[in-house]
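In what follows, a structure is listed as structure tokens, so that the remarks can point back to it.
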Ligand SMILES: [Zn+2]
């Protein structure tokens with residue numbers, strides 16, 4: 001057995017912990033770049049609290065999934081304003097954007113020197129400037145992942161900036177911040193978290209530490225995602241989902257993912273579809289095709305036992321089979337009104353190009369079995385949903 005584990009230097013979790021953000025920011029620096037998502041107004045209470053704690057700040061909004069241009073603009077603002085630390089308050093987009101900004105503030109050269117796929121992929125030499133991640137959704141676990149996923153509109157692809165040096169000083173996870181999330185966003189982000197607990201659990205690089213986090217996270221997501229969707233003010237359900245998301249970030253950072261995320265990368269690069277919604281549309285179909293492929297070509301695979309174990313955690317039934325797990329996920333997606341990929345403008349004619357890119361995606365390498373081009377095509381067509 002060999003594994004390693006690296007996460008945020010400190011994780012602070014719990015309802016009400018948001019009130020500690022400003023005092024804790026004093027440990028980061030004196031002038032912060034406060035990175036937010038679409039609704040910058042949401043950052044006002046934190047801005048006021050920072051002021052009260054004697055910390056200057058400059059606001060920087062990332063309105064959608066972060067692009068290389070957003071990061072370059074954020075670095076420019078931070079340099080011009082003399083910011084010595086970064087605080088991210090938002091969903092995975094704001095957090096990943098802030099993660100890349102904090103890294104580039106401490107490193108020479110340009111983003112393209114370090115970006116995978118579209119850049120030179122050089123190792124990041126220096127730790128990021130001190131930064132804090134405060135998620136306002138429960139989905140991506142970006143507060144504890146070692147990569148920032150950035151879109152490059154000119155390349156029509158998403159690529160990662162990746163290094164253990166990107167981890168924040170503090171991940172502050174306050175489930176109360178997710179209480180205002182509308183149901184559709186609760187569903188898509190929550191299903192991303194669920195995907196990020198199932199894929200690392202059955203993948204080829206799982207280890208005992210990630211297994212423990214996966215099982216605990218799956219248990220919480222299974223009992224609480226539907227409740228959080230139906231009643232956004234259900235504090236216990238929100239708490240479970242914030243924990244599930246946090247654990248999902250820790251597991252994916254160390255075990256890897258699978259075919260759902262293999263598809264999500266090229267789809268997200270070409271279509272304006274939210275990451276969580278894409279994962280949700282793919283998840284049951286990937287599980288089903290993976291199971292069939294494993295049964296056909298690798299019937300002794302450890303992954304089959306893992307799918308069965310995951311099904312037992314999800315359904316709460318000790319006799320559940322792997323197939324029951326697929327049914328459970330399918331029913332959940334129906335209850336959460338997950339739309340097919342067609343909703344985001346994808347069409348059957350996109351299959352060839354997207355399947356080819358998905359096959360080459362880094363997440364695909366951890367899938368429990370190598371899928372054939374025909375199997376990838378089948379997954380894509382099913383995930384499109386009804387015409
Ligand atoms: Zn994801």
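Laboratory data are not the source of any read-out in this text; all were calculated from the coordinates shown. Keep in mind that what you see is a predicted model, and the values were worked out from it rather than measured. Because the Cβ atoms are built from the backbone with ideal geometry, glycine has one as well, and the counts that use them run over all protein chains shown.
Structure notes:
- Residues of region 264-301 with amide N under 18 Å of the 7 Å Cα→Cβ point at residue 205: 264-266
- Expressed to the nearest 5 percent, the antiparallel share of DSSP beta bridges inside the chain is 20 percent.
- Label point of residue 154 set 7 angstrom out along Cα-Cβ; within region 56-71, amide nitrogens under 13 Å from it belong to 68-70.
- Sequence-separation-based contact order of region 88-131, relative, with Cα cut under 8 Å and 6+ spacing, percent: 36 percent
- Structure-based [θ]222 nm, the chain - -39500 (n - 2.57) summed over DSSP H runs of at least 4, per residue, nearest 500: -16000 deg cm²/dmol
- The coefficient of translational diffusion for the chain, derived via Stokes-Einstein from the alpha carbon Kirkwood radius under 25 °C and 0.890 mPa s, stands at 118 µm²/s.
- Taking packing as the residue-averaged number of other Cβ atoms within 10 angstrom, the listed peptides 376-386, 216-226 run from highest to lowest as 216-226, 376-386.
- Mean Cα-pair separation over length for region 309-351, i.e. relative contact order, pairs under 8 Å, 6 or more apart, %: 27 percent
- Cut-off 18 Å (backbone N to label point 7 Å along Cα→Cβ of residue 374), residues of region 258-295: 286, 288-295
- With contacts taken as Cα pairs under 8 Å at a separation of at least 6 residues, region 127-248 carries a relative contact order of 33 percent.
- Panel order for 112, 161, by other beta carbons found within 10 Å of each beta carbon, from fewest to most: 112, 161.
- Overall size of region 58-194 from C-alpha positions, given as principal axis extents largest first: 41, 32, 24 Å.
- Point-to-point label distance, residue 106-residue 3, nm (Cα→Cβ direction, 7 Å offset): 2.6 nm
- Modelled label positions at residue 321 and residue 292, each set 7 Å beyond Cα in the direction of Cβ, lie 1.5 nm from each other.
- Cα centroid separation, region 11-77 to region 153-203: 18 Å.
- Rounded to 10°, Cα long-axis angle of helix 322-335 versus longest principal axis of the chain: 60 degrees
- Taking N as its residue count, the alpha carbon Rg of region 278-359 over 2.2 N^0.38 Å: 1.24
- Relative packing of peptides 236-249, 54-67, 288-301 - highest average C-beta neighbours within 10 Å first: 236-249, 54-67, 288-301
- Sorting 90-101, 323-334 by their mean Cβ neighbour count within 10 Å, with the most densely packed peptide first, gives 90-101, 323-334.
- Here the residues 5, 18, 271, 263, ranked from fewest to most Cβ neighbours within 10 Å of their Cβ, fall in the order 5, 271, 18, 263.
- Extension gain, residue 81 back to residue 236 (0.36 nm per residue minus Cα-Cα distance, nm): 51.7 nm
- Shape index of region 157-199: Rg/Rh, with Rg the Cα radius of gyration and Rh the Kirkwood radius from the inverse mean 1/r over Cα pairs, equals 1.05.
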